[in-house]
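Notes to accompany the following structure.
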Amino acid sequence: MSGAKSWKGIVVAVIVGALFFMAPIQAEAQGEQRYYTIGTGGITGVYYPAGGAICRLVDASRRAGEHNIRCTVESTGASVYNANAIRVGDLSMGIVQSDVQHQAYNGTDSFTEVGANNDLRVLFSLQSEAFTLVVRRDANINTFEDLAGKRMNIGDPGSGNRNTLELLMKEYGWTADIFKLATDLKPAEMASALCDNKIDAYVYVIGHPNGSITEASTTCDSHLVSIVGPKVDGFVNKFPFYPQAIIPGKMYKGTDEDTITFGPRATLITSAALPEDVAYQITKSVFSNLDEFKKLHPALASLTPQNMLEGNSIPFHPGAERYFKEAGLIK
């Protein structure tokens with residue numbers, strides 16, 4: 001009996017020893033896990049679930065053995081915060097509006113004091129954040145030019161809504177005096193003001209579908225207006241971070257046809273310091289599973305490989321660029 005026990009002990013020792021020596025080999029083969037964080041926005045917006053969708057696909061490709069990258073999401077103050085956090089190394093990546101991307105790279109507007117950050121790089125674009133003009137039907141507003149003499153909410157001071165509207169107004173040679181009334185309501189106040197007949201129109205730069213616009217379309221007789229024409233074409237050519245955007249018809253009650261407009265895109269940016277293979281794998285994880293990605297949030301539904309390369313004014317990260325070349329999206 002003692003001999004049998006001794007033999008079993010030897011076998012166990014051999015197995016344990018083999019496992020002991022194999023463990024480092026397996027760990028070396030698999031590589032240590034590498035952790036990267038995406039800064040997004042508030043948990044009720046589009047940025048947070050979009051970031052979560054990216055990380056979900058990155059995690060799936062990791063579990064399939066394609067890489068050793070772990071991706072996490074952080075709720076933040078959104079675009080400007082994310083760009084600044086990437087600058088100082090507090091975030092690996094962040095979702096930002098394409099106009100903020102341009103400003104951070106060039107050191108303008110909100111980034112004048114901290115200066116240009118030429119180390120910023122972009123992986124790809126996400127949903128359009130359309131310049132959306134919502135009007136009361138009885139106000140007889142069918143074009144942007146029809147806003148002259150109307151009661152218009154020009155937006156909260158310092159907001160993206162107001163900033164973009166004022167840029168377009170300059171293209172028309174307008175000031176706020178062009179309106180019969182110019183209000184500075186916050187987004188949460190706009191739909192009720194429209195339906196209470198306190199204003200005729202408001203602009204919201206946002207991804208779709210959106211709760212405020214749904215509220216306006218279901219509470220009162222309102223509709224969306226396309227923003228088109230030679231002056232708009234000149235505006236978009238002047239500011240390439242505002243590409244064309246299309247809001248699908250029937251998304252909102254009262255607007256059956258597609259609404260053609262423009263607007264910034266949400267973009268995933270990082271710094272040049274992000275390892276090339278990490279940028280490559282994150283980009284590949286999303287693009288090679290794009291149909292699944294688009295189902296993870298309604299605002300992502302209109303994405304295509306082509307429009308996910310649009311709206312950027314900073315260089316692509318070399319890792320993302322490598323994937324785009326392999327996929328035949330760029331030369």
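Points worth noting:
- Of all residues in region 103-138, those that are hydroxyl-bearing (S, T, Y), at pLDDT 95 or above and not in a strand (DSSP E or B) total 1.
- Residue satisfying all of: in region 66-113; within 21 Å of S285 (Cβ to Cβ) and charged (D, E, K, R); surrounded by the most Cβ atoms within 10 Å (Cβ to Cβ) among these: E74
- For region 210-219, residues that are at pLDDT 95 or above and surrounded by 16 or more Cβ atoms within 10 Å (Cβ to Cβ) total 2.
- Residue within region 158-178 that is assigned to a loop (DSSP other than H, G, I, E, B), at pLDDT below 95 and outside the structural domain of V88 (by TED's automatic domain parsing) present: yes
- Region 239-255, residues that are part of a loop (DSSP other than H, G, I, E, B) and not hydrophobic (A, V, I, L, M, F, W, C): P240, Y242, P243, P248, G249, K250, K253, G254
- Enumeration of residues in region 185-209 that are modelled with pLDDT of 90 or more, crowded, with 22+ Cβ neighbours inside 10 Å and either assigned by TED's automatic domain parsing to the domain that holds K294 or part of a loop (DSSP other than H, G, I, E, B) (or both): I199, D200
- Pairs are defined by a Cβ separation below 6 Å, a sequence spacing of at least 6 or placement on different chains, a first member in region 306-331 that is within 18 Å of P240 (Cβ to Cβ), and a second member that is assigned to a helix (DSSP H, G or I) and polar (S, T, N, Q); the pairs so defined are G311/S98; I314/Q101.
- Residue pairs whose Cβ atoms lie under 6 Å apart, separated by 6 or more positions or on different chains, with the first residue in region 187-200 and more than 11 Å from A216 (Cβ to Cβ) and touching a residue at least 12 places away in the same chain (Cβ under 8 Å) and the second assigned to a helix (DSSP H, G or I) and among the hydrophobic types (A, V, I, L, M, F, W, C), are D200/A139.
- Any pair with Cβ under 8 angstrom, 6 or more apart, that starts in region 41-58 at a residue that is in the same structural domain as L300 (by TED's automatic domain parsing) and touching a residue at least 60 places away in the same chain (Cβ under 8 Å) and ends at one that is surrounded by fewer than 20 Cβ atoms within 10 Å (Cβ to Cβ) and charged (D, E, K, R): L57/E292; V58/R70
- Test: residue in region 118-138 that is surrounded by fewer than 20 Cβ atoms within 10 Å (Cβ to Cβ), farther than 27 Å from A301 by Cα, outside the structural domain of G94 (by TED's automatic domain parsing) and not small (G, A, S): yes
- Selection of region 65-95 for residues being over 18 Å from T267 (Cα atoms) and assigned to a strand (DSSP E or B) yields I69, R70.
- Every condition in (1) more than 13 Å from the chain's Cα centre (by Cα); (2) at pLDDT 95 or above; (3) farther than 18 Å from A60 by Cβ holds for I269 except the one numbered (1).
- On the stretch given as region 256-300, residues that are assigned to a helix (DSSP H, G or I), surrounded by 15 or more Cβ atoms within 10 Å (Cβ to Cβ) and in contact (Cβ under 8 Å) with a residue 24 or more places away in the chain total 14.
The values are calculated or read from the model by the stated rules, or taken from the named source; none is laboratory data. What you see is a predicted model; the values in this text were computed from it and never measured. Positions of Cβ are generated from backbone atoms using ideal geometry, with glycine treated the same way; all protein chains shown enter the neighbour counts.
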